[in-house]
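Quick notes on the structure that follows.
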Amino acid sequence: MRMDGMRASPQTSGAEGRRRLALGLALALCAGGAAAQEMPEPLTAEPGNPERGRLVVRDLGAASCLICHAMPIPEEPDHGDIGPPLHGVGARFTPAELRQRLVDPKAIDPDTVMPSYYQLEGLRDVLGRYVGRTIYTAQQIEDVVAYLATLTEDP
Amino acid sequence: MRAALTLAALGAVLCGALGASAQEPDPTPRPPISGYDYMARATQELQDDDFVNPGFFAIDRGRRLWSEPAGASGAACADCHGAEGEGLVGAAARLPAVDPQTGALMNLEGHINDCRESRMNADPYAYESEDLLALTAYVSHLSRGVPVAVAVDGPAAPFFEQGRALFFERRGQLDLSCTQCHDARAGQMLRGDRISQGHVNGFPIYRLKWFAMGSRHRMFEWCNTSLRAEPFAPGSPEYLALELYVAWRGNGLPIETPAVRR
């Protein structure tokens, strides 16, 4: 089941986004919390490329996953431990679930510290050079989803 | 029956009101743990030895400025506050504080510049200038070992509330608040850095990442920018209020200036 109300698209206004989110959460509660756990539609026509995705998540200048998560990327030192390790994440979640968790994890848990990587709504005081920009581009989201889907081995 | 329903409704309203007015539990980790304890041993050793601690270059400069006449008054800090700063021992541990004359919240930087302008007829130092860092380091160092004890009641209360609100506000493209890291996740690893509780008892610090001394407000600015949030200006009312809240979180921690941090 796809609940469009759960996710404000990056084009809607802040207030409208919050209203839609609130409505979505209310609907999700009514539906037993099953909504917005996944996002089956890819954001781009071009399929995600896992090799490119691995480079994206390693890019330390681009809000790298490694800041908070341990990953099977042994050539990079100092993986964070804020979030769960991502080994085996491709076996635990479908690409549709991974996409939702990257695009807007707050639709699943409003209190999460995980940033929404493809979401412009509900943000305040964004630094000038990032205004109107999502953390990842649509193609980067697809590439990272494709890469994470390859992580099927537990450590 | 109707009375019972009314009573039940009234009870529900009261419960709701009480629930809403009850203070959220304060998430500040107790007892406070200094940032020193979150550093690698090599960084702690740099701080421990006054002869290798790079912060002492700033303190030496500050000691020199302390006894230099400045401005049209021809007076030096030492003339009023003692040749060795003995008049200001403990002062840094109680700042920021509300100035009783003006009602403004003032930190040490503000007091130094106020003294220069109103008593010495000298130009104020720019925030984060080498001279202001040197003098704040020197004066703070006079209080080394004195427990932080800022007041947040009375006239300080509105500033404290403003600072607390800032500490809990999610900001920037990464949509994070101070509390999410420094209350809830202190000790966890953000890449190679262990997240500290965010205390400010060692400022101004020598920060290895900067190869330089930095004030509390420079650190706030750095943290905000890392969240991809617009920082406030050093010396701004927002950062002064935040400084008060953050100092209060660490009440009881000894002043460590000059601390060395990664």
- Query: Where in the stretch A:117-155 are there GluC sites (Glu not before Pro) that are in a DSSP coil and have at most 15 other Cβ atoms within 10 angstrom of their Cβ?
  - Reply: A:Glu153
- Percent relative contact order of the stretch A:67-155, based on C-alpha pairs within less than 8 angstrom and at least six residues apart? 34
- Query: What are the residues whose amide H is under 5 Å from the amide H of B:Ser196, where those residues sit 5 or more places off or on another chain and H is modelled from the backbone?
  - Reply: B:Gly187
- Message: Kirkwood Rh over alpha-carbon pairs of the stretch B:130-198, then Stokes-Einstein at 25 °C and 0.890 mPa s: what D in µm² s⁻¹, rounded to an integer?
- Response: 163
- Stretched fully, the stretch from A:Arg129 through A:Ile73 gains (0.36 nm per residue minus C-alpha distance, one decimal, in nm) 17.2 nm
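Less than 15 Å Cβ to Cβ from A:Ile82, Lys/Arg counted +1 and Asp/Glu -1: what total charge do the surrounding residues give?
Charge balance in the 15 Å sphere: -3.
Per DSSP helix of 4 or more residues, -39500 (n - 2.57); summed, then divided by the residues of chain B. What does that give at 222 nm, rounded to the nearest 500? All intermediate terms of the calculation are to be shown ahead of the outcome.
Working: 10 runs with 109 residues, N = 262.
Mean residue ellipticity at 222 nm (helix-derived): -12500 deg cm²/dmol.
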- Task: Treating only the Cβ atoms of Lys and Arg (+1) and Asp and Glu (-1) as charged, compute the dipole magnitude of the protein assembly as shown about its Cα centre; round to the nearest 20 debye.
- Result: 820
- Item | Footprinting exposure proxy for A:Asp111, A:Asp154, A:Asp104 (fewest neighbouring C-beta atoms within 10 Å first) | A:Asp111, A:Asp154, A:Asp104
- 9 Å beta-carbon shell around A:Ser64, net charge (K/R +1, D/E -1): 0
- Task: For helix B:157-168, report the angle its Cα long axis makes with the longest principal axis of the Cα atoms of chain B; keep it between 0 and 90° and round to the nearest 10°.
- Result: 80
- Note on the structure: Answer check: chain B, Cα atoms, Kirkwood Rh, Rg/Rh ratio of 1.07
- Note on the structure: Expressed as a whole-number percentage, the relative contact order of chain B with C-alpha contacts under 8 angstrom and at least six residues apart is 27
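So what is the diffusion coefficient of the stretch A:36-149 in µm² per second by Stokes-Einstein at 25 °C and 0.890 mPa s, using a Kirkwood Rh over Cα pairs?
Numbers: Rh = 14.5 Å.
Result for D is 170 µm²/s.
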- Rounded to the nearest 10, the angle in degrees between the Cα long axis of helix B:108-118 and the longest principal axis of the Cα atoms of chain B comes to 60
- Query: In whole angstrom, how far apart do the alpha carbon centroids of the stretch B:126-150 and the stretch B:33-91 sit?
  - Reply: 6
- So for the pair A:Thr94, A:Asp111, with labels modelled 7 Å out along Cα→Cβ, what separation do we get in nm? 2.9
- Diffusion constant of the protein assembly as shown at 37 °C, which comes from Stokes-Einstein with the Kirkwood Cα-pair radius and 0.692 mPa s, µm²/s: 135
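Given R₀ = 41 Å, what would the calculated FRET efficiency be for B:Arg119 paired with B:Glu238, taking r from the Cβ atoms and rounding to 0.05? It would help to have the intermediate numbers written out before the result.
Numbers: r = 27 Å, r/R0 = 0.67.
For R0 = 41 Å, the calculated efficiency reads 0.90.
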- Where Lys and Arg each count +1 and Asp and Glu each count -1, what net charge lies around B:Gly163 among other residues with Cβ under 15 Å from its Cβ? -3
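Taking the number of other C-beta atoms within 10 Å as the exposure measure, put A:Ile67, A:Ile141, B:Ile112 in order starting with the fewest.
Details: A:Ile67 18, A:Ile141 25, B:Ile112 21.
Going from sparsest to densest Cβ surroundings: A:Ile67, B:Ile112, A:Ile141.
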- For helix B:216-226, what angle does its Cα long axis make with the longest principal axis of chain B, in degrees from 0 to 90 and rounded to 10? 60
- Query: the stretch A:108-153 to the stretch B:175-222: how many Å between their Cα centroids?
  - Reply: 24
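Read-outs throughout are calculated quantities, based only on the coordinates presented, and are distinct from any laboratory measurement. Values in this document were obtained by computation on a predicted structure and should not be read as measured data. So basically every Cβ, Gly included, is an ideal-geometry build from the backbone, and we count neighbours across all protein chains shown.
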